[in-house]
Amino acid sequence: DLSFSSSVSRELADKGIHLTASVLESKENHRQVYSNSQINARAIESFGHEVRYDTDATKLPEIFAETKFDRVQFNFPHWRGKANIRYNRLLLKDFFGAAPQVIDP
């Protein structure tokens, strides 16, 4: 629901660090599923940070082709449901393959 990014937005802004928060869902779907989505997004943006929707973390090089980050944090990566161990492993494998391609060493 973007709550983590919202909670660190002020401190990062005070330190001159730019945050790009992202979620897999579309903006509309995210707001329907998570009641605090809009409040948290506004808080993030109020400190000059960015919120991106429709962001598949396994396709970061395609989505951020012209952008490099100094770090990428993936909070609570999981497939929905409790019995998706195989899919969770694949998700993490694909994320760990994608993330280094958008990090500026």
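The criterion of at least 1 residues that are open to solvent by less than 40 Å² (accessible area, probe 1.4 Å) and under 20 Å from residue 105 (Cα atoms) is met, among helices (runs of 4 or more DSSP H) falling completely within segment 7-94, by 60-63. Residues that are among the aromatic types (Phe, Trp, Tyr) and closer than 19 Å to residue 19 by Cα within segment 54-94 comprise 64, 69, 74, 76, listed in sequence order. Residues that are within 11 Å of residue 58 (Cα to Cα) and among the charged types (D, E, K, R) were ranked within segment 80-105; the one that is farthest from the chain's Cα centre (by Cα) is 93.
The values are calculated or read from the model by the stated rules, or taken from the named source; none is laboratory data. Remember, predicted model here, so these are calculated numbers, not experimental data. Please note that ligands, DNA and RNA were not included when accessible areas were found on the heavy atoms of the full protein model with its side chains. Shrake-Rupley method; radii C 1.70, N 1.55, O 1.52, S 1.80 Å.
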